[in-house]
Amino acid sequence: MKLNYKRTFMIGLAFMSISAFWQLYDSLVPKMLDSTFGIKETATGAIMALDNVLALFLLPFFGALSDRVDTRLGKRTPFILFGTFVAVISMMVLPLANEWVNFPLFFIALGMVLLAMSAYRSPAVALMPDLTPKPLRSQANAIINLMGAFGGIFSLLMISLLVPRVDKPNYTLVFLAVALFMVVAVAALVNTVKEKKLSKELADELSDEMEAQRAEDEDAATSEAKKGSKLPKDVFRSMVFLLASIFFWFTAYNAVTTAFSRYAEKVWGLKGGSFANSMMVAMGAAIIAFIPIGFVSSRIGRKKTIIAGIIMITLSYLCGFLFFNYSPWINVVFAITGIGWASINVNSYPMVVEMSRGADIGKYTGIYYTFSMIAQIFTPIFSGFLLEKIHYRTLFPYAVVFSLLSLLTMLNVRHGDSKPPVKEDIIANFDIAD
């Protein structure tokens, strides 16, 4: 059984469009709120946390809703089409409202965009496992993660090229470029991936295997039910420390990514979209690092690789603080940030899975994402408060503190470590929890 790379690439177009939007949103919406509407940093942080608040409730809802519908286009495609349509129309209102300095219109459009993105994110992610046999999903997820990264890089490139380097830039062109990118990506998906037809073909091809897999899953479920879903006390203690680490490193990292566009302007004097270059370096370094990180993990284990990543990313935050003015050397710092973040990201979720084997893996997977989401709700508000009440230069020390806290808690994790085998298929190194 071989992965259909062309089909997987086409399926990944939806995730690529989603990633392109979120990179644009995180980079430019805070700048608009600050420079155009004069929204203070604490309130800006609260607005930037809205997407994560909505995600806690709406992602499971729309994911479950798409499980139950059945149209001639399939289960997921209608959500992807409708969500993209509403998101693209609404997001184009944002730069116009910014030009007109009309905050009520801006806020309404922003709310519509966030609702639209929540409506189709879960169905878009679910499309891959729907149309991919179970043994091939790791490879398929790797391709989709790569496409997501390229979507983010596209937005950063457009920001760098299309946002004028002036005090009050017009963002219409960059929003238009990303909107067209999203439309083209989703149009290509819908025209090449006939969900209804492919689902039927896949079900027919794999009917015998699916029956065997269903029986295997039922046996596993029965076995787990007998074991119970509680972790042993020592393993539970490690799980608590690991979840605390997840909260702390997301608190540090998300604070920097949310505020960096404003920090680069206010502290380093960068105008327009020039801040995006450093973020592109970080993302590119992370992509390049995934394969060597896989080899390192297989040699020294997941825990040591994560600790090395935390040390790297903490040092990068510290170095970021030491730059009083922009220098090309900051790109080296951001490359280290990307490598450190990749080292953490590749290995953290597998440790959660390793500890929860024989218990309730699904439950602890949900808890993993809940802790990361709560951090991304908390940190824009709290870090924004410090930026507003003290100074913008508190950003990197804030990240250092929470990153060091993640190191302290990670050192207390005693279970879930492993040395994963070197992956035969190089592309599989990009299979990470997102």
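The values are calculated or read from the model by the stated rules, or taken from the named source; none is laboratory data. Keep in mind that this is a model prediction, so the values were computed, not measured. As a convention, Cβ positions derive from the backbone with ideal geometry for all residues, glycine included, and neighbour counts pool all protein chains shown.
Given the structure, is F57 without any contact (Cβ under 8 Å) to a residue 40 or more places away in the chain and either part of a helix (DSSP H, G or I) or within 30 Å of K168 (Cβ to Cβ) (or both)?
yes
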Scan the range 334-343 and tell me whether some residue there is surrounded by fewer than 21 Cβ atoms within 10 Å (Cβ to Cβ), part of a helix (DSSP H, G or I) and either basic (K, R) or touching a residue at least 60 places away in the same chain (Cβ under 8 Å) (or both).
no
Tally time: how many residues in the range 365-418 are among the hydrophobic types (A, V, I, L, M, F, W, C), surrounded by fewer than 21 Cβ atoms within 10 Å (Cβ to Cβ) and outside any helix (DSSP H, G or I)?
1
Filter the range 266-307 down to the residues that are within 23 Å of F321 (Cβ to Cβ) and over 24 Å from the mean Cα position of the chain (by Cα) and list them by number.
K266, V267, W268, G269, L270, K271
Residues that are among the polar types (S, T, N, Q), buried (at least 16 other Cβ atoms within 10 Å of the Cβ) and under 23 Å from L50 (Cβ atoms): does the range 156-175 have at least one?
no
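Does G358 qualify as being surrounded by fewer than 16 Cβ atoms within 10 Å (Cβ to Cβ), small (G, A, S), at pLDDT below 95 and not in a helix (DSSP H, G or I)?
yes
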